[in-house]
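The values are calculated or read from the model by the stated rules, or taken from the named source; none is laboratory data. No experiment lies behind these values; they were computed from the predicted model shown. Reconstructed Cβ throughout: ideal geometry from the backbone, glycine too, with neighbour counts over all protein chains shown. For accessibility, only protein heavy atoms count, side chains too; no ligands or nucleic acids. Shrake-Rupley method; radii C 1.70, N 1.55, O 1.52, S 1.80 Å.
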Amino acid sequence: MTIRTLLFDLDGTLINTNELIISSFLHTTEKYAPGQYKKEDVLKFIGPPLEESLRKINPNEHVEEMIDTYRKHNHEHHDELVVAYDGVVETLQKLRDQGYKLGIVTTKMGETVDMGLKLTKIDNMFDTIVTLDDVDHAKPHPEPVVRAMKALDAKPDETIMVGDNTHDIESGQNAGTKTAGVAWTIKGRKTLEDLKPDYMLEHMSDILKIVME
């Protein structure tokens, strides 16, 4: 196997935004559905597009208001709660130095993606970034991964999609790429292993062994 292109999810894969996301959801649910949600209840909201998750709280009313409430809290607390996972910066730099093409494929909006990349100092690492703003269909649909591959002139059999959530693995599989789950997923590694990704990373540096073997 020759991998030349690596596509990464962002939140929960490269940068740890879990506490920020959880606190933003709890802040929002407490305002629009007081007393109905605890930390363990909002874990299922991590991963899908924000609007999709918030519609499950209140499908008929206040969705735009909830989105604004969530984003305001998220932006205000972003820099105090977000960090890169161990080994991410060093691993990305090694991959760049070796000439691999790197991309981000995320369900986040572009503005928040930029905040996370700049804060963790990995904003200059990627050759393409596909956000929710760029697609008609979010992961697990193949469109985001296909769009990234097209931008990088990459072939599916030479590409690997790395992520912490089921829709990352499914999107890669649907697009015909290799896939790798990350064992540090807040969803629990078994959730990803059940989808039979090609690889499971215990540490971000494990990707170096996979692509350089």
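Just a few scattered comments:
- Here the gap between H27 and N60, fully extended at 0.36 nm per residue and compared with their Cα-Cα distance, gives a gain of 9.9 nm.
- Remark: the E40-K190 segment gains 52.3 nm on full extension, using 0.36 nm per residue and subtracting the alpha carbon distance.
- Carbon and sulfur %, accessible surface of the chain computed with the full protein complex present, 1.4 Å: 46
- Of K72/K178; K150/K187; K39/K178; K44/K196; K38/K118; K56/K150, those spanning more than 28 Å from alpha-carbon to alpha-carbon: K72/K178; K150/K187; K39/K178; K38/K118; K56/K150
- Ligands, DNA and RNA aside, S205 has an accessible area near 40 Å² when probed at 1.4 Å.
- Cα-centred dipole magnitude for the stretch 81-213, charges only on beta-carbon of K, R (+1) and D, E (-1), debye, nearest 20: 100
- Where the stretch 81-132 is the region considered: accessible area per residue in Å², 1.4 Å probe: 46
- Efficiency of FRET from Cβ geometry, E111 and E158, R₀ 30 Å, rounded to 0.05: 0.45
- P(r) tail fraction, the chain - alpha-carbon pairs more than 30 Å apart, %: 19
- Per residue, the stretch 155-213 exposes 43 Å² of accessible surface when a 1.4 Å probe is rolled over the protein heavy atoms with every protein chain present.
- Where only DSSP H runs of four or more residues are counted, the chain gives -13000 deg cm²/dmol as its mean residue ellipticity at 222 nm, each run worth -39500 (n - 2.57).
- C-alpha center-to-center spacing [the stretch 39-53, the stretch 130-177] in angstrom: 20
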